[in-house]
Structures are given as structure tokens and as C-alpha cells.
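Peer 1: This is the structure I have questions about; it appears just below.
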Amino acid sequence: MSSGLEDVVAAETVLSDVDGAAGRLVIRGHRLEELAGQRTFEQVVHLLLDGFFPELPDPSALAAALGAARVDVFERCAPLLDRLARLDPFDGVRAGVALLPDGDALGDALRLIAAPGVLTAALVRARRAERPLAPDGGLGHAADVLRMLTGVAPGRESAAALDRYLVTVCDHGLNASTFAARVVASTRAGLASSVLAGLSALKGPLHGGAPGPVVAMLDAIAARGDARAWLEGELARGERLMGFGHRVYRVRDPRADALQAGVRRLGDAGAHPAVAARLALAQSVERAALELLREAKPGRSLQTNVEFYTAVLLEAVGFPPEAFTCVFAMSRTAGWIAHAREQRATGRLIRPQSRYVGPRPASAEGAPEALLTAS
Ligand code: COA
């Protein structure tokens, strides 16, 4: 038995393929490098959903359909935003998603894909005592989410950087949250139930919760001025270095390159003067961390994962660290929904076995002694 189920194949999928030895990610037949920075989020949502919803519109019409879904989500959730805003942003997004219908149609899917962006922007604003802004269904998803977050139309570079991020993390094999979403879909519960399962799994720091702590790490190192000493202190305390290591990749996560390139473009564009300095700091921390991890775990190849440059990119476009996992959910919801539909179409009820290692009943008839004496 392997308690982390590594190397256990639990589904066949046409959605994505993670080659951990080569450091390659394929999404529906396209290498990540052909998609990130090349296609919009809406185009990649279409790629993921294609074949799973008979009523799916053309790729060119999907942006408008997703825009309409943002407006619909805002109208449904607006009366409850004050209460949702009392929660931490991720819990607020999850509670908002739980208010949506648990159906199986394309309309349900688009609402669920639209919801994390609408809710994240509104809840971050509420924490700053700013009123929520209604979506503009005519904008692209990334641009509209940034507009709803900041209150101003984003520059082209910022919208492109967020678009690149959303494309980069939309699907990634049978990771923990996708598996959770598929398990729920296998019981024939609706799409919202699968998305809620995915959200709950994504929340943990070993999965989608790592990029917030990456910002804390960069800030602490910037204040101290000695990356190696700070990182050594973390390892000496038995802490893991956030943004490094992966269950599947034994080489650098290709998504780290895609996102690092996105940050570099933002810095080169000059619209964000602080970005170039932050990128330089991140690169020097990355070098020090990789060197230390090589020394500390010589038998294990621990490399940079997606979360490291996620933190730098999302910070640069204006999200606060406590909302980073919500932004991950904005993208991955599309993957969860495609997997849920695939599971329903091709899979069975997922019901593995456990091996019982607890006490055996004492008597030959099988009744535990303690219970017999109690009665
Ligand atoms: N920093 C320090 N040590 C690490 C590490 C990290 N980021 N990642 C793994 N290790 C160590 C483990 O402590 C373990 O050491 P041990 O054998 O002495 O106990 C060894 O490397 C193997 O780790 P393991 O727990 O088997 O790896 P995993 O495949 O279960 O874990 C992660 C993968 C992602 C959970 C893990 O690398 C991690 O916690 N990374 C930090 C969190 C993070 O960035 N998450 C985002 C993932 S995309």
C-alpha cells in the first residue's frame, strides 16, 4: 500500500498529461508553451470543455457567455457579500460557490468558472472597506477581474499576465483537488459539489495554499538581506521551503518557467517599476533555496514548483497574498469541471478499499468485549 497513492492510476483522461521526469505538461494535445501567453483563458476553457457539453458555443462566443455568467453570479451573490466578507477570502469564495445551483448544464459550469473571480474581487474590496464593483460582461475574464479588484481598467500587460497565469494552472493531471472533484462526480452529485470538493482540497498549504507564504518568505529575506541564512534557519526548524518540491516533477516545473516569463514581461513593460527588483530578489532566493535543498536532501531532486513565481506574478498584478489561492481556484475550476464531466461519462463510482489495522473483536462470535460488558 502507498498512503499517498503515488504511481496508482485511478482515471483515464484526455485533459492533461504531466511528465514529471521530462518536466513537460500537455493540455489536450498542446504543450504548455503553446498555450501560456499565446491563448486567452476563455480559449483554454473552451479547449477543456470541448466534447463535454453539447451546447458549448464556438470559442469566439465563449468570452461573451463567460461574461454573462459573471454578471449572473454577481447578481445572485451581491445581497450576501457583507456576510461572506466576514470570512477569510478563500472561505468566502467557497461559501459563495456553495450558494450556486448544483446542476450539470453548461450554464451551471460557466457560473462556477465565473464565480471565483467575481467573489474574490468583491471580497478583497470589502476587506478594504470598498464597495464591490459589478462585472463588465464585455471584457475578457482576466481584464474584468482586475478591473473589479482595483476599480480601474487594467493595463494590457497586467491583464495579459493574469491571463497567462490562468492558462498555466488550468489543469494538471490527477492532483489532489482534481481527484477530490472526480470522486464527488463519481457519486453523480452536481458540478457545484465537485467544485466545492476541489476548493476544499486546494486550500491546504501542500497544494494551493503555498504562494501566500512565498511572499512572506521574500519579505522576510528582503528585510534580513541574507537568503541563505534565512532559508537555513527554516530548514533547521524542520519547515519546508514553500514553492519548492513536487510529488510528480523531478525536474523544474514547466509552469514555473511560464510564470517567470510572465513576470519578466511585466518588468520589461515598465508599467510596474517594482516588479524588476522583486523578480531579481526572487531569482536570488530561488538559487539559494535550490543549492540548500540539494545539500539537505541529496537523494531527492527538489526543484522550483509553480507556486514560487505564482506569488511574484499575482503580487505584481495587485492581488494581496491572502487571495492567491482564490486566484488559483479561478483557473482550476475549469479543469475540475472538465474532469467531473469526464468522470461521469467514462468512470464508475470511485470506492477504494482500506486495510483494517485496528483491534480485532475478542470473542469468537465477533462482539467486542468492551461493548458486551457495557451492555
Ligand atoms: N522544503 C524542504 N524539504 C522538502 C520540501 C521543501 N519544499 N519538499 C519536500 N521536502 C523533503 C521532505 O521533508 C521529505 O524529506 P524526508 O524524506 O527527510 O522526510 C523529502 O523532501 C520528500 O518529500 P515528500 O514529502 O515525499 O514529498 P511529497 O511528494 O510528498 O511532497 C510537496 C510534495 C509539494 C507536498 C512538498 O514538496 C512540499 O511540501 N513543498 C512545499 C509546499 C509547496 O510548495 N506546495 C506547492 C506544491 S505545487
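Peer 1: What accessible area per residue, rounded to a whole number of Å², is obtained for the chain using a probe radius of 1.4 Å?
Peer 2: I get 46 Å² per residue for this part.
Peer 1: Can I ask one more? In debye to the nearest 20, how big a dipole does the chain give about its Cα centre with +1 on each Lys and Arg Cβ and -1 on each Asp and Glu Cβ?
Peer 2: 380
Peer 1: Here's a follow-up. Given the options SER60, SER194, SER354, state which has the largest fluctuation in a GNM of the chain using a 10 Å cut-off (strictly under) for Cα springs.
Peer 2: The residue that fluctuates most here is SER354.
Peer 1: OK, next. Given 4 °C and 1.567 mPa s, compute D for the chain with the Stokes-Einstein relation, Rh being the Kirkwood radius over Cα pairs; round to the nearest whole µm²/s.
Peer 2: The estimated diffusion coefficient comes to 60 µm²/s.
Peer 1: For the chain, what % of the accessible area comes from carbon and sulfur atoms, probe 1.4 Å?
Peer 2: Working: 8990 of 17120 Å².
Roughly 52 percent of what the probe reaches on the chain is carbon or sulfur.
Peer 1: For ASP108, ASP19, write out the residues from largest to smallest accessible area, computed with a 1.4 angstrom probe and no ligands counted. If you can, show how the numbers build up before the last one.
Peer 2: Details: ASP108 20, ASP19 50 Å².
Reading off the accessible areas and sorting them downward yields ASP19, ASP108.
Peer 1: Right, another one. Please list, ordered by chain and number, the residues whose modelled amide H lies under 5 Å from the amide H of ARG24; skip anything fewer than 5 residues away on the same chain.
Peer 2: It is ASP19, by chain and number.
Peer 1: Something else: Nearest 500 deg cm²/dmol is fine: what mean residue ellipticity at 222 nm does the chain get from its DSSP H runs of n ≥ 4 alone, each adding -39,500 (n - 2.57), divided by its residue count?
Peer 2: -18500 deg cm²/dmol
Peer 1: Continuing with this model, one more query. Given H placed on each backbone N at 1.01 Å, which residues far from GLY204 in sequence or on other chains put an amide H within less than 5 Å of it?
Peer 2: Close amide H contacts, sequence-distant or interchain: GLY209.
Peer 1: Quickly work out the ASP19-to-ALA345 label distance, labels modelled 7 Å from Cα along the C-beta direction, and quote it in nm with one decimal.
Peer 2: Output for this residue pair reads 2.5 nm.
Peer 1: Under the definition of Cα pairs under 8 Å and six or more residues apart, what whole-number percent is the relative contact order of the chain? Don't skip to the answer; put the middle values down first.
Peer 2: On the way: 569 pairs, mean separation 87.3, N = 375.
Normalised by residue count, the contact order of the chain is 23 percent.
Peer 1: What per residue convex hull volume, in Å³, comes out for the stretch 132-289 when only alpha-carbon positions are used?
Peer 2: Hull volume over Cα atoms, normalised by residue count, gives 153 Å³.
Peer 1: Report the one residue of LEU313, GLY299, ALA261 whose Cα lies farthest in the direction of the positive end of the charge dipole of the chain (charges on C-beta: Lys and Arg +1, Asp and Glu -1; origin at the Cα centre).
Peer 2: GLY299
The values are calculated or read from the model by the stated rules, or taken from the named source; none is laboratory data. Predicted model, so just to flag it, every value in this text is computed and none were measured. Quick reminder, even Gly has a Cβ in these numbers, built from the backbone with ideal geometry, and neighbours come from all protein chains shown. Surface areas here come from the heavy atoms of the whole protein model, side chains and all, with no ligands, DNA or RNA. Shrake-Rupley method; radii C 1.70, N 1.55, O 1.52, S 1.80 Å.
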